[in-house]
1. Which one is farthest from ALA128 (Cα to Cα), of the residues in the range 221-262 that are part of a strand (DSSP E or B) and either more than 12 Å from the chain's Cα centre (by Cα) or of a type in the set (Phe, Trp, Tyr) (or both)?
2. With respect to PHE359, determine if the residue is within 27 Å of ILE323 (Cα to Cα), open to solvent by 10 Å² or more (accessible area, probe 1.4 Å) and touching a strand residue (DSSP E or B) at 6+ places or on another chain (Cβ under 6 Å).
3. Restricting to the range 114-149, give me the number of residues that are surrounded by fewer than 21 Cβ atoms within 10 Å (Cβ to Cβ), out of contact with any Cys (no Cβ under 9 Å at 6 or more places or on another chain) and assigned to a helix (DSSP H, G or I).
4. Could you tell me how many of the residues in the range 397-419 are open to solvent by less than 40 Å² (accessible area, probe 1.4 Å) and either more than 17 Å from ASN52 (Cα to Cα) or acidic (Asp, Glu) (or both)?
5. When the residues of the range 285-318 are filtered to those that are under 30 Å from ASP415 (Cα atoms) and touching a Ser or Thr at 6+ places or on another chain (Cβ under 9 Å), which remaining residue is surrounded by the most Cβ atoms within 10 Å (Cβ to Cβ)?
6. For the range 1-29, name all the residues that are assigned to a loop (DSSP other than H, G, I, E, B) and either farther than 28 Å from TYR144 by Cβ or open to solvent by less than 60 Å² (accessible area, probe 1.4 Å) (or both).
7. Take the residues in the range 89-103 that are closer than 25 Å to GLY146 by Cα and over 19 Å from the mean Cα position of the chain (by Cα), then tell me which one is least open to solvent (accessible area, probe 1.4 Å).
Amino acid sequence: MGTETSKKAFEEAQELIPGGVNSPVRAFKSVGGTPIFITEGEGAYLKDVDGNKYVDYVQSWGPLIFGHRDESIEAAVIEAVKHGLSFGAPTQAETELAKLVVGLFDSIDKVRFVSSGTEAVMSAIRLARGFTNRDDIVKFTGCYHGHSDSLLVEAGSGAATFGSPSSPGVPADFTKHTLLAEYNNIESVKKCFADSNNIACVIIEPIAGNMGLVPADKEFLHELRELCDANGTLLIFDEVMSGFRATLNGAESITGVKPDIVTLGKVIGGGMPVGAFGARAEIMAKLSPEGPVYQAGTLSGNPVAMAAGYAALSKLKQNGRVIDVLNTRAKRLVEGMKAAADECGVPMQIDTRGSMFGFFFNENPVKNFNDATKTDAELFAAFHAGMLKEGYYFACSLYETGFISTAITDQMIEDTIKASEKVLKEITNG
């Protein structure tokens, strides 16, 4: 499988774009090699500039639950484009998509659309601070909530500390109000509350997808809810990745824990750039122009994106069994891969939530980011390269989640398992 054209395209891109990519993970830095450049997607497949085809388990990092170029979503986008690309004025399309989202989430009375997950989370945190009149926030090591300054933090010493910047360009003053806790460890959260009586919100991925797939324990989430209630702190569920992927009605429907604010993205755009945040009416009333907390976006609620999102969510709602079907396929995939790994003497941990799946080349179960870092990175890189050669496109980072779309058939799953067995045997015998 030749990739010479991709290599040349990457060289050219590096002359004009920092690192040759517009989002760092695309650079294949953690797996080595050269990123493939895509020309088109169709159903379950990606096609690159060299003419190679790949079964796509990335699905644009989550939004394409019905695969590439789904007919109903494509038709909705084309029809919307006929009326104009953008107006900078209200449209009924925004209200219609809002009705769908509000109708599916018990914790959301009102929703505000934005253009990215980063923007959704940034705005949700500002809203939480404005509602509580507090400054500090708690986040969990390994959970990614976009690249806004206050969330680009790294851990110091101890179980819970005020974060220091993890990127140049972020002033320490911007992260001094961010406290870090360990995922699935309630004692570390209690330490945060002991350190500060000024905590506006705790933000968490209830189904973490940015340290690999690591779901939060139900008991932990219930304790987190109780802790927030006892301290007058808002609980934010970041479901930019898991929303409508893990379950139709949000993590609250499978954990029994109701958040105060939810952030969304991915599927609600049907492949277009969209984010959103929503909460009960009392909280959302603080948001401008209704309240004093300012938030704006010139292209928020873009009519083309709203049309794509409405088509995707409508289709998902009309067939509520889709996520169960995809979960069955996701389980078959990772269980088959694990069986192949076991045969080769390779330790592997697996998990699924709806159409999301994850695997780690780890000896022990993964409950937090520290556990995730024990993954065999070299083995993952070799596995990724081998699967790519076999025609299977997995996320190019061991800390990312995989996705199943309706376009991926049972036979494709079986073929992927066979390919994984072949690749693992080549690696372990090589």
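The values are calculated or read from the model by the stated rules, or taken from the named source; none is laboratory data. Quick caveat: nothing in here was measured; it's all calculated off a predicted structure. Ideal geometry is used to build each Cβ from the backbone, glycine not excepted, and the neighbour counts take in all protein chains shown. Side chains are part of the model used for accessible areas, which takes the heavy atoms of the whole protein and leaves out ligands, DNA and RNA. Shrake-Rupley method; radii C 1.70, N 1.55, O 1.52, S 1.80 Å.
1. THR247
2. So PHE359 passes the test.
3. So the count comes out to 4.
4. The number of residues fulfilling the criteria is 11.
5. Looking at the filtered set, the residue picked out is ALA312.
6. MET1, GLY2, THR3, ILE17, VAL21, SER23, PHE28
7. Of everything passing the filter in the range 89-103, LEU97 is least open to solvent (accessible area, probe 1.4 Å).
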